[in-house]
Amino acid sequence: MADKIEHLLEDLETFPPSDDFTSSSPVPADLMARAEEDRLGFWADQARELHWSTPFTEVLDWSDAPFAKWFGDGTLNASYNCVDRHVLAGNGDRVAIYWEGEPGDKRTITYSDLLGEVKRAANLLESLGVAAGDVVAIYMPMIPETVVAMLACARIGAVHSVIFGGFSADSIRSRVEDANAKLVITSDGSIRKGRIFPLKETVDAALEADGHTVEHVLVVRRADNEVSLTPGRDLWWDEEIAQVGDEHVAKPFPAEHPLFILYTSGTTGKPKGLLHTTGGYLTQTSFTHRTIFDLKPEQDVYWCSADVGWVTGHSYFVYGPLANGSTQVMYEGTHDTPDLGRWFDIIQRYGVTIFYTAPTAIRGYMKSGRQIPAKYDLSSIRLLGSVGEPINPEAWAWYREVIGGNRVPVVDTWWQTETGAIMISAIPSQVALKPGAAQVPVPGVVVEVVDDQGERVNPGEMGLLTITEPWPSMARGIYGDRERFIETYWSQFPGRYFAGDGAGVDKDGHLWLLGRVDDVMNVSGHRLSTTEIESALVDHPFVAESAVVGASDETTGQAVVAFVVLKESKKAEIEASDAPQVLRSHVSTKIGAIARPRQVYVVAELPKTRSGKIMRRLLRDVADGKAVGDTTTLTDASVMSAISAGVASGT
Ligand code: WTA
C-alpha cells in the first residue's frame, strides 16, 4: 500500500496564464492533443523542425530495448543545426551569446561570429588527428571557447565528455580513462569569487601517471596564471587556431551517432557515463526549450544559470537554445561577486526575458532578503523556470513575486542526465500553474507513478516515478557498460524506466516530485553519491569505516553529513590533528569542493542490521535532529543512543 499525502487531495491555489501571455504565445494550442492522438507522428513532426541532410523514414526502433533508435535512417549535423542553419537563414547578425566574465569583461558573439569560431576549432581538432567517434574531454570555465569546443566536436562527429570545472584531478582521471579520451581541452585557469583556480595544473595532475590515452592537451588562455606545458603534448589554443583555415563544411552523421558522454553519480561509487546521441537528443531539447520557455527567438534574451559541466548546461544552454536560434547570456562567475546583486544586475543590463535556475539559488536569495533584487529593474522578465530539485511552494511563490513581479509564470521542470531533456513540466501558455508541482508530462512523454509492486497509485498517494514509453532524448546507455544500464534503470519494473525519484499524484492527476528514493543525494541541485563519498573517506588513512547521508538543509535542499569510525592504530596522529576538518578537505581533494561534507561526526560504531547493512535511515534522522526511527532491526540499539548523544553534544 502506498503512503498517503493528504494535501494532494485538497483544492490548491493555481495560477492560470494571463490572456495576454496565451494570446501572444508561439506554442501551438493543439500540441497535447496531437501527441495523444499519434505519439510517434508527433515526435517525427518535432524532429522535422531540425535540418536533416537525409530525411528519416523510420521514427522509432525499439527492437533492442532499452537501447532506442530514433529517426535511425536519417542523417544530420548537430553543429550545423545549432549555428550554420541560422546564418544561412539570414540571422547571422543575431546575438547568440552575450558573455560576461566575472571581473566584468564582456564579449558579444553573433551567430556569424560563432560559426567562424566553430569552423576554425573544427579544423584545429582535425589537424590534431581527432576523428569521428574519438572522445574529447573538456574541462573548462564558463567562457565562449567552451561552447565553441563542444560544437566543434559535434561538427566532426567527435564525442565530447565535459567534466565540471570544480571536479578534482582524480575525477578527471577516472573519466578520461573510462572513455579513452584522446584530447583534453582546458584553460590556464578559471576565475571565480575573484580567485584563480588553476585548471591546467589539475589536468596535469590527472595525467601525471601513465596508462591514459590522451595525446594532446589544448589550453585556452583565460586567467593568465602561469602554467607549464609538456612539450609535444600541450598546445595553446590561440596559437594553434591562428594557423588553421576558416572554412569547414559540416558532414552529416547518422541520427544515432554519439554526441556526448556525461558522467553522473549513481548509487555505486563509480560515476556513470551516460551516452547521448544526435537526432533524438536535439529534437527533444529544442522542442522542450521552445515550448516550455514559450520562446520567441527574435525577441527573447534567455539565461540559464547552469554550468555547462552539468546536463542542464548541455541541454538548456548549448544544444536546445542554439538549435532554436536563441539569444542568450553566459556568465562566468559566482552570483555573489562582487556582491549578491550580480545576477540581477545582469538581468537588468541585458534585459533578460526568460530566466532558468535552481531552487537552491532561489532559497539562498530568500534568506538574504528581497531588498537585494528590489534594487534592480527586473521588468524585462516574462517567464521563470526552476530545475534540479523539488521547489517548495514558498520558494515558488517568492520567485514569482519578487523576481517575477507577481505577474510571470514559473515553470518547474523535472528531468535527469539520463532523460536528456525536460520530461515533466507545465506548458505555461496552456496549463494553470501549481506552486510546488512539476505537474504534467511534456507532450509525447508517458509517465506513471507506481507502488513497489508496479501498481499505479491513486490520487493522494506517494509512489515511484516510472516512464512507460521510450522518448527521443533518452540516454542510449552507460558508456562501455550495457548491462549496468539495464540493471540500473530497467530491471526494477521490467519494461519501464525507473527514475529513482519518489512522486505523488494529486486529485487533478498532476505530479509532485518528492526527491530521490535511493542513495543519491541532491545538494544544491547537484547529484552526489553517498557511496562515492564514503569511498573517498575510507581512502584516508585515519578512517576505518564511514557512512554518508543527505541531511535536510534549508538552502541547499540536502547537505552531506558523514559519520566515521576512526582507526585505533592511528590514534596518536588523529589526536594531533582536527580529524573532521582533515576529512572534509580530503573529500574535497578526492572528488571536488561540491562533495565536501557539511559535518563529519566521529563515532565509535555505525548502526548495522544483523546482516551487516548500515542503517543510513537512522543516521539521517540524527543528522536532521529528528527523533531516531525504529531501531529494532539493529544488532545493538545502544549504538544509536551513543551517536545521538554525541551529535547533540557537538562532539
Ligand atoms: C532531481 C538535473 C524535483 C531528481 C536536470 C532527479 C528534480 C535528479 C527536479 C536529476 C524537479 C531534477 N523537481 N526534483 N524539477 N529536477 N530533480 O541528473 O531527483 O543532475 O532524479 O539532472 O534531480 O539530476 P541531474
Quiz prompt | Residues whose placed amide H lies under 5 Å from that of Glu545, excluding near-sequence neighbours | solution = Val565
Quiz prompt | Proximal lysines to Lys626, defined as alpha-carbon separation beneath 27 angstrom and excluding residues fewer than eight positions away on the same chain | solution = Lys4, Lys367, Lys608, Lys613
Exercise. Work out the length of the dipole vector of the chain about its Cα centre, built from +1 on the beta-carbon of each Lys and Arg and -1 on the beta-carbon of each Asp and Glu, and round it to the nearest 20 debye.
Key: 700
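Given an 8 Å cut-off on Cα distances and at least 6 residues of separation, report the relative contact order of the chain as a percent.
14
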Quiz item: Mind ordering 17-26, 332-341 by average Cβ neighbours within 10 Å, highest first?
Solution: 332-341, 17-26
Exercise. Just read off the accessible area of Glu605 with the full protein assembly in place, 1.4 Å probe, to the nearest 10 Å².
Key: 100
Quiz prompt | Cα gyration tensor, segment 489-554 - rounded (a/c under 1.5), prolate or oblate | solution = oblate
Quiz item: Leaving out ligands, DNA and RNA but keeping every protein chain, what accessible area does Glu469 have, in Å² rounded to the nearest 10, with a 1.4 Å probe?
Solution: 80
Quiz item: Scanning the chain for helices, which whole DSSP H stretches are 18 Å or more long along the axis (Cα) and average 0.0 or more by Kyte-Doolittle?
Solution: 144-156
Quiz item: Relative contact order, percent, of segment 258-304 when contacts are C-alpha pairs under 8 Å separated by at least 6 residues?
Solution: 26
Exercise. Pop out the ³J(HN,Hα) list for segment 245-258 in order, Karplus 6.51 cos²θ - 1.76 cosθ + 1.60 with θ = phi - 60°, rounded to Hz; leave Gly and Pro as x.
Key: x, 9, 9, 7, 8, 6, 8, x, 10, x, 3, 8, 5, x
Quiz prompt | Cα→Cβ-extended label distance, 7 Å offset, between Ser552 and Lys106, nm | solution = 4.4
Practice problem: First compute the accessible area of the chain with a 1.4 Å probe, then give the percent of it belonging to carbon and sulfur atoms. | Solution: 50
Practice problem: Return the FRET efficiency for the residue pair Asp210, Asp636: r is the Cβ-Cβ distance, R0 is 41 Å, and the value is rounded to the nearest 0.05. | Solution: 0.30
Quiz prompt | Per residue accessible area of the chain, 1.4 Å probe, in Å² | solution = 38
Quiz item: Rounded, prolate or oblate: which fits segment 93-236, taking a ≥ b ≥ c as square roots of the Cα gyration tensor eigenvalues, rounded meaning a/c under 1.5, else prolate when a/b beats b/c?
Solution: oblate
Quiz item: Can you pull the accessible area of Ser63 for me, 1.4 Å probe, Å² to the nearest 10?
Solution: 100
Quiz item: Can you work out ³J(HN,Hα) from phi for every residue in segment 58-68, in order, using Karplus 6.51 cos²θ - 1.76 cosθ + 1.60 and θ = phi - 60°, giving whole Hz and x for Gly and Pro?
Solution: 9, 8, 10, 10, 10, 5, 10, 3, x, 9, 7
Quiz prompt | Global form of segment 185-232, assessed from the alpha-carbon gyration tensor, a/c cut-off 1.5 | solution = prolate
Quiz item: Contour minus end-to-end for Glu6 and Arg349, with contour as 0.36 nm per residue of separation and end-to-end as the Cα-Cα distance?
Solution: 119.0 nm
Quiz item: Once amide H atoms are placed 1.01 Å from N in the peptide plane, what residues at a sequence separation of 5 or more from Val162, or on another chain, have their amide H within under 5 Å of its amide H?
Solution: Ile138, Ile261
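The values are calculated or read from the model by the stated rules, or taken from the named source; none is laboratory data. The model shown is predicted, which means the values in this text are computed figures rather than measured ones. Heads up, the Cβs are rebuilt from the backbone with ideal geometry, glycines too, and the neighbour counts pull from every protein chain shown. Keep in mind that these areas ignore ligands, DNA and RNA; they rest on the heavy atoms of the full protein, side chains included. Shrake-Rupley method; radii C 1.70, N 1.55, O 1.52, S 1.80 Å.
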